[in-house]
1. Rounded to the nearest 0.05, what FRET efficiency do S214 and T173 have when you use their Cβ-Cβ distance and R0 = 22 Å?
2. Any idea what log10 I(q)/I(0) is at q = 0.15, 0.21, 0.24, 0.25 Å⁻¹ for the stretch 145-222, Debye with uniform C-alpha scatterers and no solvent?
3. At 222 nm, what value in deg cm²/dmol follows for the chain if DSSP H runs of at least 4 each add -39500 (n - 2.57) and the sum is divided by all its residues, to the nearest 500?
4. Full extension from L184 to Q104: what is 0.36 nm times the residue separation minus their Cα-Cα distance, to one decimal in nm?
5. Can you tell me what the convex hull of the Cα atoms of the chain projects to on average, as an area in nm²?
6. Quick one: how many lysine pairs in the chain have C-alpha atoms under 29 angstrom apart, if they're 8 or more apart or on different chains?
7. Need one number: convex hull volume per residue for the stretch 121-179, Cα atoms only, in Å³.
8. May I ask you to derive the FRET efficiency for R149 and N52 from their Cβ-Cβ distance with R0 = 30 Å, giving the value to the nearest 0.05?
Amino acid sequence: MKLEEYLRKMGDDWDERARQNARHFIVNDKLEWNEAEFYASGDRTVAQEILNDMINICQDKDPKQMRVLELGCGAGRVTRALAKVFGEVHGVDISDEMLRQARQALSDTPNAFVHRNDGATLSVLPDLTFDFAYSCCVFQHIASYEVIRSYVRDVGARLSPGALFKFEVQGCTSVRSDPSETWLGVPFSLAQAQAMADDCGFELRYHTGMEQESFWLWYFKR
């Protein structure tokens, strides 16, 4: 499948998932989430993955003075929680329907902005520089190393020197995903994660969850 076809399918598939049950497809712990539960889960994610890692994330910066990027913001579950911590938050997503729901959720959050991107680059944000970038539950669904590397490379181009991109990939190297798949993503070994960091201008300083579904990587901009 050509890249353009894959990205179009990715957008179409996530639009359909968002129409069917966006909250379940974003956090599939259970089938039905009410609004309060769903957005409270975003607060828990930020508490577990952000607030306990502020030394690496802020690096002596005031979080209220930081501009933050979220890749794959979906319906704004984590975006809204990030905006409680940081001064300015920008989320990108390929799904128009997810973004419609995100805008509703963020209507009373003036420091959070969401943008429709092409699924592989950050060309929608040509003039912004970020102090921190974050992504969860996104790359595990992308069945293309090319797309993931493209995203990582573009994040590197927009981060301040030394800034952190914290994200997770599929770490189960026994996984074999279909190249047209938009749910089960390609797996990364530690060697592949290291090579991608080197290729995209990052230092892979920490990692956790190797050989697990949630393989977390700490990429620091060189």
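Derivation of every value follows stated rules applied to the coordinates shown; laboratory data play no part. None of the values given here were measured: they were computed from a predicted structure. Cβ sites come from the backbone with ideal geometry, for glycine too, and all protein chains shown count toward neighbours.
1. 0.95
2. For the stretch 145-222 at q = 0.15, 0.21, 0.24, 0.25 Å⁻¹, log10 I(q)/I(0) is -0.48, -0.91, -1.13, -1.20.
3. Using -39500 (n - 2.57) per qualifying helix, the result is -12000 deg cm²/dmol.
4. Working it through step by step, the gained length comes to 26.0 nm.
5. Over all viewing directions, the chain projects a mean Cα-hull area of 11.1 nm².
6. Total qualifying Lys-Lys pairs in the chain comes to 14.
7. On the way: hull volume 5.2 nm³, N = 59.
Output value, Cα hull per residue: 88 Å³.
8. Values: r = 28 Å, r/R0 = 0.95.
About 0.60, to the nearest 0.05.
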